[in-house]
Structures are given as C-alpha cells and as structure tokens.
Amino acid sequence: MNSLEERIAQFTKMSQDDPDNELGHYRLGQLLQEANRHEDAIRSFRRTLELSPQFSKVFLLLGKSQVALGRKDEAIATFHEGHGVATSRGDRIPASEIAKEMEVLGVKPPEPVAAPEPEGPETGFKCARMMCPAGKRARQLEKAPMPDELGAEIQQKVCADCWNAWFKDMSIKVINELRLDLSSEASIAEYDKHMREFLGLAGG
C-alpha cells in the first residue's frame, strides 16, 4: 500500500490535472486532514464545494479542520450551512454528525430546511449518492450493471444518472489519473473504493 504522503502526491496531481474533478479534491482533502495538514485540507474541501455545493459530507470535514485550527466561528458557520444542505436533501447521516459537532461547540443545530419541490413527476426512488442531481426524479437502473452482488447493490441503491456519470466519465478519470491496471487485485480494490465513494455506497 502506498504511504500517506505518496497518496497525497497522487491526488494532488489528479486535482491539478483535472481541476474540475470534485472526487479528486474531496479525496485529497481527506488525506490532507488525515496528515493533520488542515490548512491545505480546507482549500481542497472548499474547492470540492465550489464544484458540488450539495455534497453535504464535505461541510462536516471542512468544519472539523476549522475546529482543529481553532477557528470556532468559521466552523460553526460551516456546520450551520452544511446542516441546512444535509437536511434539505434528506442526507440523514451527515446531518446527524454535523449536529453532534455543533453540540460539542455549544451550538444548537438549526431547524430543518424544507427541500424545494423538484420539477417533473416524482419517481419514489431515492439515490444513495449525496450529490445526485436528479433528487426525487431519480430513475432506477433497469438492470444490474454487473452480474454480481455489487451490481445488484448498485441497481438497488444508485440511480441511472449517477451510474452513467461514474461509468462514462469519472471511472475513466480515476483509471487514467491513478494509472490503475485492472488486471491486478490491488488496482481493482482501489477502483472499487473510488466507485463506492462516488456512488455513496458503504465501503467507499
């Protein structure tokens, strides 16, 4: 397994080569936070939110780095905004975690914000991906994209739009930027990890 600094270098290059890749900036921020490089992590998380302002978990991580640097007021503002995004989208886990962080800082979480009604008919299918652009109009995949348990899980939890965004665009970026050789088990594991993270599945 690559060292933490090697992975940071890897994702730094990925984010520089493709500055509009929110997954690259998000993962880089996580690694920088793990290395206690919170100032750099904050920059990565802010860039992620510029690209995907509805990515509620990023507010949680951004606020934690601000707390680590002693920026309590900034963190409270971040958590306030993130809690509103999470509750409006129905992202219960990030909303709960952000509320706990606010309580630690002695702040009461804000009242939930009602989500605006999306245009078009609702489908009744909720996509697992936090950044799903379809919202209540998400369409379930007609069949599993792979003939295995992971494929069945994707069909059950991920909408067609988000799967296509991964398969037709982001997966190619991940393979190319990380130079993955999908004939090796290590590369397949790395690929699956990024896929799960992008799609909002457990294990990502």
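We did not get these values from a lab; they are worked out from the coordinates using the rules stated. What you see is a predicted model; the values in this text were computed from it and never measured. As a convention, Cβ positions derive from the backbone with ideal geometry for all residues, glycine included, and neighbour counts pool all protein chains shown.
Write out the trypsin sites (Lys or Arg not before Pro) in the range 132-204 meeting two conditions: DSSP loop, and at most 11 other Cβ atoms within 10 Å of their Cβ.
Lys143, Arg179
Quote the relative contact order of the range 119-204 in percent (integer), defining contacts as alpha-carbon pairs under 8 Å separated by 6+ residues.
25
By residue number, which cysteines of the chain lack any other Cys whose Cβ falls under 4.7 Å from their Cβ?
Cys162
Tell me, Val104, Val85 in order of fewest to most beta-carbon neighbours within 10 Å?
The fewest-first ordering by Cβ neighbours comes to Val104, Val85.
Applying the Karplus parametrisation 6.51 cos²θ - 1.76 cosθ + 1.60 with θ = phi - 60° to the phi angles of the range 49-55, what ³J(HN,Hα) value in whole Hz is obtained for each residue in order, glycine and proline being reported as x?
6, 4, 7, 9, x, 9, 7
Report the normalised scattering of the chain as log10 I(q)/I(0) at q = 0.10, 0.11, 0.15 Å⁻¹, calculated by the Debye formula with identical scatterers on the alpha carbons.
The Cα Debye sum returns log10 ratios of -0.45, -0.55, -1.00.
Could you go through the range 164-170 in sequence order and give the Karplus-derived ³J(HN,Hα) for each residue, using 6.51 cos²θ - 1.76 cosθ + 1.60 with θ = phi - 60°, rounded to whole Hz, and x for Gly and Pro?
Result, ordered by residue: 5, 4, 6, 5, 8, 10, 5 Hz.
Can you tell me, using C-alpha contacts under 8 Å and at least 6 residues apart, the relative contact order of the chain as a whole percent?
Result for the chain is 12 percent.
With 12 Å as the cut-off, how large is the P(r) tail for the range 38-95, expressed as percent of Cα-Cα pairs?
Looking at the range 38-95, the distances longer than 12 Å represent 60 percent of pairs.
Taking every pair of Cα atoms in the range 69-179, average 1/r, invert it to obtain the Kirkwood radius, and report Rg/Rh to two decimals.
Values: Rg = 17.6 Å, Rh = 16.3 Å.
Expressed as Rg/Rh, it is 1.08.
Compute the Rg to Rh ratio over the range 119-204 from the alpha carbon atoms, using the Kirkwood formula for Rh, and round to two decimal places.
Answer for the range 119-204: 1.00.
What residues qualify as long-range amide H neighbours of Cys159, i.e. H under 5 Å apart, gap of 5 or more or another chain, H built at 1.01 Å from N?
When sequence neighbours closer than 5 places are left aside, the close amide H contacts are Ala128, Arg129.
From the backbone phi of the range 21-28, what are the Karplus-calculated ³J(HN,Hα) couplings (6.51 cos²θ - 1.76 cosθ + 1.60, θ = phi - 60°) in whole Hz, Gly and Pro given as x?
8, 5, 5, x, 5, 5, 5, 4
Taking other Cβ within 10 Å of each residue's Cβ, how do Val67, Val174 sort, fewest first?
By the 10 Å Cβ count, ascending, the order reads Val67, Val174.
I'd like the trypsin sites (Lys or Arg not before Pro) in the range 66-95 restricted to DSSP loop residues with at most 16 other Cβ atoms within 10 Å, sorted by number.
Arg71
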